[in-house]
Each structure stands twice: as C-alpha cells, then as structure tokens.
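*Asks:* Starting off with a structure, shown below.
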Amino acid sequence: MKHFACLIKILVLLGVLIMVEEINAYGQGAKIQRKTALLTVQPEVVVQGAEINAVVQAFDEKTLLRLNLSYPSGVIIEQIQVTGDSPVSSVVLKIPKGFKGNLRVILEARRNGYWMPAADQNINVLPDYWQKLTDIIKNIESIESSKNIDITQKRSSWAALAYAEDLMDRVKFADVNSSWELEYKLSELEAMGKALGEGKNPLADNRGYQLRGYRSDLNNEIQPYSLYLPNGYGIDAEQKWPMVVMLHGAWSNHHLALRRVFGVTNNRGEDDISAKRVMPDLPDVPFIVVSPNGYETMCYRGFAEDDVWRVINEVEEMFNVDQNRIYLTGLSMGGGGTGMLGLRCADRFAAIAPVCAFFGAFLDLNAVDKRPEFLQWPEKAISTYNQAENAFQLPVKLMHGDVDPIVPVHNSRAVYEQLQKLGYKSEIEVYPGVGHAAWVPSYENARIFDWFAQFERNPYPEKVIFKTADPLGGSSYWVRIDELEKIRRFGRIEAEISDTKVSVFTDNIARLSLTIPDALIAEDAVAKVIIDGEEAYNGTLGSEINFQYDNGQWKWLRKPVEQKLAPLVNGAYGVMEQRHIYVYGTSGTSEEEEAARSLAKTKSIYGAWADVQWDVIPEEALSPKIMNNNHIFLFSTIEGSAFLRDHADKLPIKLNEGIIKVGDRVIKQDQAIVFLCPNPANPSRYLLVCTAASAESLQCLREFALNQRTLEFDTIGDFAVYNSDGKPVWGGLFDKNWQVEMTGEF
C-alpha cells in the first residue's frame, strides 16, 4: 500500500492525465514491473500434470535471473536459475499431478544482493476448457476472414471475438469452483459462432448490456468496448436515439465504466476486479450508452484517442444515433479525457460532464515553476484549461469532491470560473467530504442522463470560436486552422455569418479554411469574406475556401497548400502515443549493434501504461511499406546506422564524423541525444532518432528506454540531451520549419 501511495504521488507530479479510479487498481497477469526482462508463459491454462514453457527475454545479459513456480500461498514448487549468456532462454516447468487451481510463475532479478520481482504470470490448472475455447475462436476467425461476409456479420464476429477474449481472461483467473460459469459462457459463445456460420446476426435482438469490439488497424487485435441498448430501441425503425460516451479511469476498463455511469457502484465487499466480471441489471434509460477501452491507461491521447473516435463511428454506423445528441462524460482519467476531447472537438458533442478531472499543469501555478522556460510553451499548449473558450456552443457540467487527494478540486473550480467569465453555459457540483470517488454522487441513480437530455447540438451555428496551440491545427464546425504563425502559441479564430457576409477575426494564424454548409450560405451564392477588417474574397464559396496570411495581408488561395509535417504539441512524447516501430542500427560494431538492439527492445515494452507492444526490427528490414504505416524510432550510434549516414544531410540536427551538433552547440562525447523530425525517407511520417557517438555513450539512454516519462512534465521538447546518469540535462524546441527555436537546461 505504501508503494501504491508513492505511485499516486508520482503520477500527480507528472502533470499527465493519469488518475487512479480506486485504490485497488486493476492488475493484470504478466505485467512488467521493471523493464528487466520479458516473461512469456504458454499455455496459460493447462490440464493436470502437463508441462508449461516459460520464455525469458533479457534486456541486459549481465542481470542474473531466476524463475519460480509457486502455489498461491507462496510456497515454491520449482526454482530454476536463468543464465544471462543468451538474450532469450526457454525453461520447461512441470505442473504437479492432481493439482487444480491457480499457480504463479514469478521471474526475479538479482539487484544489490537481493532477489526482486521483475514479472509474473498466472497459470490456471483446470479441465480442458482452453482447447474448446481456442477451437471456437478459430471457427469465428475463419468466418470473419471470409470474402463473402458483409459488414454487419463482420461486426457481429468482432463482438463474438471480444466475448471470447473476455472468456479467455476468465479462464486464466478462474478457480475450481468456476466450472458452471465457464461451461455456460462457452455454450453461449458456441451458439454465437453457430449463428454466424448460418449467416445470422446473433446480437440482432439483444438489448441492455452488450460486449462489443472491432479489429484494430493499430495491432490487428480485437479492441473491446461496452455498449448499452435501451429496451425500446428498434420498435420504431425511424427513431433516432441520443448517445452517451463514457470514458473510464486509470487502470480501469470499459466494463466497470458502464456500471459507473448508470450509478451502479460496487456491492458490499466487491472489489473492482470482481466488479469487472459482473454486469448487474442496469436502469432502463432512453439513451444508447457506449464505453471505449482506450487501450487501458493511455489518457485518451494518440492511439487511445483514435479508439474513442473509432468506437463512436462504429456505433453510429450500426445504430440510429442522433448526431445532434451525443454527450461525453468520464471519471478521473476519463474526466480529463472528457475535458480534452470535449473542448478540442466541441463541435462533436451536445454537452460534456467531466468528473474529478485534471485540466492542466498551470492551473494554480505561476508561469515560472519547476519547468524550464522552453517547456512552458508546450505545457501551456497541452493544458485543457487554456482551451475553455472553445465551449462557446457547448454546455459543461463539472463534478468534484472537495477533499480529492488525487486530483485537487481547484481543477474543476478554475475551469468553471473561466467558463463563467466567458458567459458560457456551465454548472459545477462540489461534494463536501468526498475524496476522489466523486463518481458515486455524480452518477447516482443514473441522474446524469436527465442533465444531458436538456441539450441538443446546433449543427449550423452562425458564430464559431475556436482556439488551439496544436502545430497540426484543428477545426470546429465550419472553420479550420491549417497553420499557426508561431507554433505552440495559441491561435484563435472567431467567425460569424450574417446573410452572405462572413466576418473573421484571427490571432496567430498563418493559414485558415472555411467549409460553410448550404444551410448557412448556399454554395452557389455570392458571398463576401472579411478577415481582420479587410475584404479577402468576394464570390461563390464552394465546398471549401482557403486563405493565407502573406506580407501583412490575407490572400485567397486558388488551391490549398500542401500540409507539411510540423513538430508535435508535446514534442518527442507525442510520437510515442502514435503507431510506431523500433529499429536498431546494424552497420557498426557488434557492441554498437547490441547496445542499440537492447535499448530498442526495452523501449518497445509499454509496461503498465498500455496493453501494446511494438515491433523491433533491424534497419535492413525497413521497407517503404513499413515506413508508410509507421513512425520510426531509430536507436543507433552515429556511425552504426546506414540509414542515418544516408540521410544525415536532411536532419535538423547535424551528425558528422562522430560529432552531434545542435545549432551552434556540440554535445559531449559521453552524452546521447533524442530528437524528433520528419522521416527523410517518408516526410509524411516522423522519425525519432536516439543516438550517440559510441556504444558506451548510447547507454545514457537506458533510463529513457526503461520509462515512459523521464521528467515530471508532459514533454521533453523536440530534442533532449542525456548524461551518463540517464537524466536529461538540456534540450529544446524546433520551429515549424524544423529550425532550432530555443534551448534550455532541465
């Protein structure tokens, strides 16, 4: 418990949107405790007397490892030392004859004279449900991959596979008293597979709770989500239904979040792990309700945000959703996600309701705090609080406990005060004596649905306000910011339509576009566009019209400018939250190659943050297809990569004859650098270069590889230089043309 309390304090200090839903956080088997080695045990469910195979992949051959097979009580059945001579070791462990139930395989590492846990995995010894389950899954996957299957059946097969994965987890962690439940669920899954084989939709008549999923483009795995369909859905085929999107908290999941938003709290004595396995009867509400999983604990950024939009789109395509009555809410980390997505994409929702949410690192701090000056700009740009002005058309309800020890209540109060100053529609509920579990009173008796029911989105507002500091721009309703004059500083656009006149006021914007719908100005009508008091266009608008600020004047563009890749709002950390692949240089010495490979492999494990592991390949395996589909993380010494040598003249940081030069500054021979830039071999994707002059100095990046964050901030900028102790010492930002804009000490 002390360790967990320390973890909570660290997460709060990080300034990221990680808020733990409850003290008994969600644990999963085989999570990496420290990035010492990767443990894989197969099979995870076995019959009595069988053997299992444990594969240990060491990240550092000097680390001494050992494997323990033990009973749940901790009594060791078998203990085997794993040598560090090979990066991969395979060990066979024997299951005791006659034993039924759970066993644990624990991998320990020798550190400072003590054996410390590095990874573990549960093994379940049960009757042979696993084989039956895998046979059913193979059958459903063959149906899914059939050329003749339509999209409705494909989505039904995804739902069946999500059900199967949930059942796999239940089997892994079941006990000998779970036979009836497992057999019942196996029969349900078997019936779903049979219906799919007959061309039927096994979920067509289902109402209430449903487990759904989709096949992810990110890793080709089934991503689950929870769905609720009201009892009355489908009686009137033409009726459109409002939809609530619910975002879960850190180390929680979609299943538990669905319970929460209906006000169904844990039963007496029921912990979160148990609550995730049971869905009680839910109140009948006249809403479709969906809860994405967001790749576990990823703060709904990057590919986790993509999951939210994919789930929303899936539900919109399957069911009659009213586009103007979509609402967003979430608790803790999900409350932060609600504020972030809701205020950045305010045109997508009719109202939002964040619960115990974090809104930004600078809410109660002066501009000068512990952050280096050059990091204050991206930190402010990331802050949701600074985007409150986007809620011009969006009602916001904030809910918080006044003694919250995880996310202080001033987060919600500060946003509420800002919205009130702006004159926007906003409410706040602060619960006296309530800590972090503000979701209990917030969602009590499913009352949040009554609040949402008041609001409907206007899809064609005559006035739009949009503000962003994202270098990649953004849009709201019929205005779009295509390029900022100065990136990571907020650009603002305020536009209003009166008859056939469009008045636009801008701040820090270099390019913008208008996509005015026919409902406001007919496409063939002659209209006048006034930008910052000067007429910029007079004529028909068409479906889209583009403008650029040039030499002190706004000019109409006859065709849009090609969008170039700009630095990300949170720099190098931002590309880690997107689809990528790890590459290591193979053109240097064997020591250089091994150092690069080890770091790449270590960095590829996301540990406890998200259930994703990225591929690691040698640089000669890079292909145009791989580079088209992925951002590239390249670990290598300067001379140890043919890719770096071939493209050195196109990089914003100069690598030449063992020298690394950043602007006029040269990094030391015993230091290493990480920097972000467009991939010279595919400028539509990013390249993150992790390099140093030698194999020894490349080890400065060990801490960077071991941890998802190496600072107590949400960014390290676009480049950072690391010392031999693994700590970043100085770094900086690029401007939108990838020239060094500023540097500073950490």
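*Asks:* Taking 2.2 N^0.38 Å as the expected size of a compact globular protein, what ratio does the Cα radius of gyration of region 617-687 give against it, to two decimals?
*Replies:* 1.12
*Asks:* Oh, and also: Cα atoms only, region 659-746: Rg and Dmax in Å?
*Replies:* My reading of the Cα-based Rg and Dmax gives 12.7, 35 Å.
*Asks:* With +1 on each Lys and Arg Cβ and -1 on each Asp and Glu Cβ, how big is the dipole of region 643-746 about its Cα centre, in debye rounded to the nearest 20?
*Replies:* 240 debye
*Asks:* A further question on this structure: For a quick protection proxy, order the peptides 732-741, 101-110, 533-542 by their average other-Cβ count within 10 Å, most packed first.
*Replies:* 101-110, 732-741, 533-542
*Asks:* Another one. Sort 397-403, 167-173 by packing, meaning the average of other beta carbons within 10 Å per residue, with the highest value first.
*Replies:* Taking the mean over residues of other Cβ atoms within 10 Å, the ranking is 397-403, 167-173.
*Asks:* Divide the volume of the convex hull of the Cα atoms of region 572-745 by its number of residues and quote the answer in cubic angstrom per residue.
*Replies:* Roughly 106 Å³ of hull volume per residue.
*Asks:* Give LYS94/LYS603; LYS601/LYS727; LYS397/LYS463; LYS467/LYS650; LYS421/LYS467; LYS62/LYS661 a once-over and call out the pairs whose C-alpha atoms are over 25 Å from each other.
*Replies:* In this structure, LYS94/LYS603; LYS467/LYS650; LYS62/LYS661 lie more than 25 Å apart at Cα.
*Asks:* About its Cα centre, how strong a charge dipole does region 572-745 have in debye, to the nearest 20, once Lys and Arg get +1 and Asp and Glu get -1 at the Cβ?
*Replies:* Roughly 360 debye, rounded to the nearest 20.
*Asks:* In addition: Going Cα to Cα from LYS654, which lysines come in below 20 Å? Please leave out same-chain ones fewer than 8 positions away.
*Replies:* LYS654 reaches LYS668, LYS736.
*Asks:* On to the next question. Roughly how many whole Å is it from the C-alpha centroid of region 533-580 to that of region 482-501?
*Replies:* Spelled out, the Cα-based centre of one part sits 10 Å from the other.
*Asks:* Under 8 Å for C-alpha pairs, at least 6 residues apart: give me the relative contact order for region 427-484, rounded to a whole percent.
*Replies:* 18 percent
*Asks:* Out of all DSSP beta bridges with both ends in the chain, state the antiparallel percent to the nearest 5.
*Replies:* Beta bridges within the chain, antiparallel portion: roughly 70 percent.
*Asks:* Can you give the charge dipole size of the chain about its Cα centre, rounded to the nearest 20 debye, using +1 on the beta carbon of Lys and Arg and -1 on the beta carbon of Asp and Glu?
*Replies:* 840 debye
*Asks:* Find which of THR384, VAL740, ILE123 sits farthest along the positive direction of the dipole of the chain, computed with +1 on the beta-carbon of Lys and Arg, -1 on that of Asp and Glu, about the Cα centre.
*Replies:* It is ILE123, whose Cα lies furthest towards the positive end.
*Asks:* Looking at region 536-625, send over the antiparallel percent of its DSSP beta bridges, to the nearest 5.
*Replies:* If we restrict to bridges inside region 536-625, about 65 percent are antiparallel.
*Asks:* Also, I was wondering about something else. If only Cα atoms are counted, what is the Rg of region 209-296, and what is its Dmax, in Å?
*Replies:* Cα only, region 209-296: 14.1, 44 Å (Rg, Dmax).
*Asks:* Name the GluC sites (Glu not before Pro) in region 609-694 that are in a loop by DSSP and that have at most 12 other C-beta atoms within 10 Å, would you?
*Replies:* Here the GluC sites (Glu not before Pro) that fit, given the DSSP loop and packing criteria, are GLU657.
*Asks:* If you restrict to DSSP beta bridges whose two residues both lie in region 595-746, what percentage is antiparallel, to the nearest 5?
*Replies:* In region 595-746, DSSP labels about 80 percent of beta bridges as antiparallel.
*Asks:* While we're looking at this one, here's another question. Can you work out the base-10 log of I(q)/I(0) for region 206-452 at q = 0.17 1/Å, using the Debye formula on its C-alpha atoms alone?
*Replies:* -1.32
*Asks:* When ranked by the protection proxy of mean other Cβ atoms within 10 Å per residue, highest first, what sequence do the peptides 198-211, 553-566 form?
*Replies:* 198-211, 553-566
*Asks:* Which one, ALA164, THR265, LEU211, projects farthest toward the positive side of the charge dipole computed for region 138-268 from Cβ point charges (K/R +1, D/E -1)?
*Replies:* THR265
*Asks:* What percentage of all Cα-Cα pairs in region 473-557 are separated by more than 16 Å?
*Replies:* Everything past 16 Å amounts to 46 percent.
*Asks:* Let me ask another. Give the distance, in whole Å, between the Cα centre of region 378-450 and the Cα centre of region 158-206.
*Replies:* Answer, in whole Å: 39.
*Asks:* In nm, to one decimal, how far is the ALA237 label point from the ILE659 one, both placed 7 Å along Cα→Cβ?
*Replies:* 7.6 nm
*Asks:* In addition: Any idea how far the Cα center of region 719-746 sits from the one of region 102-129, in Å?
*Replies:* 40 Å
*Asks:* Could you work out the relative contact order of region 473-557, using alpha carbon pairs under 8 angstrom and six or more residues apart, expressed as a whole percent?
*Replies:* 24 percent
*Asks:* Could you work out the relative contact order of the chain, using alpha carbon pairs under 8 angstrom and six or more residues apart, expressed as a whole percent?
*Replies:* Reported as a whole number, the value is 9 percent.
A short reminder: the numbers here are calculations on the coordinates, not readings from a lab. Since the structure is predicted, the reported quantities are computational estimates derived from the model, not experimental observations. With ideal geometry, Cβ positions are generated from the backbone for all residues, glycine too; neighbour counts draw on all protein chains shown.
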